[in-house]
Amino acid sequence: MKIALAQLNYTIGAFESNKMKIIRSINEAKAQHADLLLFAEQAICGTPAYDLLNKVTFLELCEEALVEIASYCDNISVLVGLPIQHNNRTISVAALIQNRKVVRYVGKRNVIWRDDKGYITPSEGCEYVKICGRKVAVVVNEDILAEQEYGDYADIIVNITASRYSRGIVEKRYDFLRRLAYTKGKTVVFLNQVGAQTDVVFDGSSAVFNGRGEAVALLKNFEEDFLVVDVEADLPHIEIPYQDKTVNVYHAIKLGLKDYFEKNGFTQACLGLSGGIDSAVVVAVAADVLGPENVRVLMMPSQFSSDHSVDDALKLAENLGIEYDIVPITETYTTVMKAMRPVFGDLPFDVAEENIQARIRGLMMMAVSNKFGHILLNTTNKSEMAVGYGTLYGDTNGSISLLGDLYKSEVFDLARYINRDTEIIPENIILKAPSAELRPEQRDDESLPPYDVLDAILYRMIEEGQHREEIINAGFDAEVVYKVYGMVLRNEHKRYQFCPVLRLSTRTFGKERVMPLTNRYGY
């Protein structure tokens, strides 16, 4: 029995282009004499579609596209995902097409993903279908996790899904599929989609495991792919390649940025280049994805900026071949301070004066964005977002955040990976002590614990949900833990106003970690 896997990149609501991709894959599968062709969950409409799933017109367009797709399905069985209305509720199903007709819907029972809850209603779950005389268990998305509910009476288990990327998910998924196939003694076919939708990235990584728990087919990570596999042949097993987390994160960010621009019709980006590690990584990724001719930066030194920061930023811009302008803000800053003198009086220099600089830079970047139609890229990382180490309406500006789900230490890992073959990011940017340079000789570690300590505490607090006492009992200094905990709680209001963040973890601020603004009691 030959099963074709079509790992494709869909766009939400782009019914015509999604449909044509599906039809091209149907023709290719028929040309290779496949018996069954698989497409991802909600392939016809793209996902996550949120409130579009409550619109009758949207669901009708899904079914109209399905009918046309079915007209191409002669001499082949096809499973394709879409949302349908059932008993005045929206459910996510795999539609089985045979002999040009939709003969069955298999619904998703376990609605686990937060983006689906409130939009998708649980359905019946796994069902068995006959294809080429074989009994196939059809499982949609998270239902694959409920192992006791399916597979015992099937010859083959097929899972069509829309499983998003998060750090470490690829190897965890492979481990689960390997164990499932071995435990059930069945061939398991896993078909995922690929691509990005605003802040969500789907990594693909579709796979086939035989009944001995061996991988016999692996599709590409972060790319479209198509493969026909004879699941009854004695195929050689494939060694699963090592999944380097930094490499996968890098490809996830590139795919997220690429699809954010392409699917929204954007072409050009801008950002402020400070000579620091965060803006260096963002601009290097942007130049790689969009092309250096489509990236523009401003360097905006103040009287507090070090010479090496400007030199580092210049060298980076020249290495990338991007357009840049140097616009000093000292005069503008002086003008603002003079205007505010009657208000500030003789009060000492503090965070207010520091933040004026950041907000001037944010204003200038938005001016470039408006004047030239460039999309402003945010450069804040997760460590800074967690503790509020960023100026609201200043360096928190931007339309999309590439690093907002990566801790500072992970940003350094990305910089080293970008420099794996040649020095794109000047080595001094990677080696020097991080600083916002908003006052003389400022260093981040004057206000924050060292980033290796800070990130370790934040990871336990955010990713693992540990309370203060648990973190202290793990060996961290109690005073530091209480300080970090307090900073995270106090800065929730900033995160509520932040732009979309590419989701690269299982606990992204504002999506997987949603906290009330009123949380002063420290839960």
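Read-outs: derived from the displayed coordinates by stated rules, not from any lab. All values derive from a computational prediction rather than experimental measurement. Counting neighbours? That spans all protein chains shown, and the Cβs are built from the backbone with ideal geometry, glycine included.
Excluding Ala70 itself, calculate the net charge of residues whose Cβ lies under 14 Å from the Cβ of Ala70, where each Lys or Arg counts +1 and each Asp or Glu counts -1.
Overall, the nearby charge balance is +1.
Where Lys and Arg each count +1 and Asp and Glu each count -1, what net charge lies around Asp203 among other residues with Cβ under 13 Å from its Cβ?
Surrounding charge for Asp203 is +3.
When you count, for each residue, the other Cβ atoms within 10 Å and take the mean per peptide, how do 474-486, 391-403 rank with the highest first?
In descending order of packing, they fall as 391-403, 474-486.
Can you tell me the 0 to 90 degree angle between the C-alpha axis of helix 478-490 and the longest principal axis of the chain, rounded to 10?
Its long axis makes an angle of about 80 degrees.
By how many degrees, between 0 and 90 and to the nearest 10, does the Cα long axis of helix 351-372 differ from the longest principal axis of the chain?
60 degrees
Farthest toward the dipole's positive end in the chain, which of Phe261, Ser409, Phe226, given Cβ charges of +1 (Lys, Arg) and -1 (Asp, Glu) about the Cα centre?
Comparing the listed Cα positions along the dipole, Phe226 ranks first.
Using only the alpha-carbon atoms, how far is helix 245-264 inclined from the longest principal axis of the chain? Give it as 0 to 90 degrees, nearest 10.
Helix 245-264 sits roughly 90 degrees off the main axis of the chain.
Could you give the dipole magnitude of the stretch 248-444 about its Cα centre, charging the beta-carbon of Lys and Arg +1 and that of Asp and Glu -1, in debye to the nearest 20?
The calculation lands at about 440 debye.
For a quick protection proxy, order the peptides 140-153, 328-341 by their average other-Cβ count within 10 Å, most packed first.
140-153, 328-341
Restricting to Cα pairs below 8 Å that are 6+ residues apart, what does the relative contact order work out to for the stretch 248-444? Please round to a whole percent.
Reported as a whole number, the value is 25 percent.
I need the shape label for the stretch 39-157. Rule: rounded when a/c is under 1.5, else prolate if a/b > b/c, else oblate, with a, b, c from the alpha carbon gyration tensor.
oblate
Quick check on the chain: helices-only [θ] at 222 nm, where DSSP H runs of length 4 and up contribute -39,500 (n - 2.57) each and the sum goes over total residues. Nearest 500, please.
-11000 deg cm²/dmol
From the residues Ala14, Tyr128, His86, which one has its Cα farthest along the dipole of the stretch 1-128 in the positive direction, the dipole being from +1 and -1 charges on Cβ of Lys/Arg and Asp/Glu about the Cα centre?
Looking along the dipole axis, the top candidate is Tyr128.
Going through the cross-link list Lys263/Lys371; Lys117/Lys184; Lys2/Lys117; Lys2/Lys184, which pairs have a Cα-Cα distance over 24 Å in this structure?
Lys117/Lys184; Lys2/Lys117
What is the packing order of peptides 195-206, 297-308, taking the mean over residues of other C-beta atoms within 10 Å and listing the highest first?
The packing order, highest mean first, is 195-206, 297-308.
Quick one: grab the alpha carbon gyration tensor of the stretch 248-444, order the square roots of its eigenvalues as a ≥ b ≥ c, and give me rounded if a/c is under 1.5, else prolate or oblate depending on whether a/b is larger than b/c.
Here the stretch 248-444 falls in the prolate category.
With Cβ to Cβ distances under 10 Å as the rule, what net charge do the other residues near Leu218 carry (K, R +1; D, E -1)?
-1
Under unit Cβ charges (Lys, Arg +1; Asp, Glu -1), what dipole magnitude, rounded to 20 debye, does the stretch 2-243 have relative to its Cα centre?
For this selection, approximately 260 debye.
Return the percentage of antiparallel bridges among DSSP beta bridges fully within the chain, rounded to the nearest 5 %.
So the antiparallel bridges amount to about 55 percent of the total.
Please report how far the C-alpha centroid of the stretch 469-523 lies from that of the stretch 188-224, rounded to the nearest whole angstrom.
About 32 Å separates the Cα centre of the stretch 469-523 from the one of the stretch 188-224.
What is the distance in Å between the Cα centres of the stretch 225-286 and the stretch 30-95?
The stretch 225-286 and the stretch 30-95 have Cα centres spaced 26 Å from each other.
Could you size up the charge dipole of the chain around its Cα centre, putting +1 on the beta carbon of Lys and Arg and -1 on that of Asp and Glu, and report it in debye to the nearest 20?
Computed charge dipole of the chain: roughly 1460 debye.
For the charge dipole of the chain, defined by +1 on Lys and Arg C-beta atoms and -1 on Asp and Glu C-beta atoms about the Cα centroid, which residue among Val67, Gln243, Gly46 has the Cα displaced farthest towards the positive pole?
Val67
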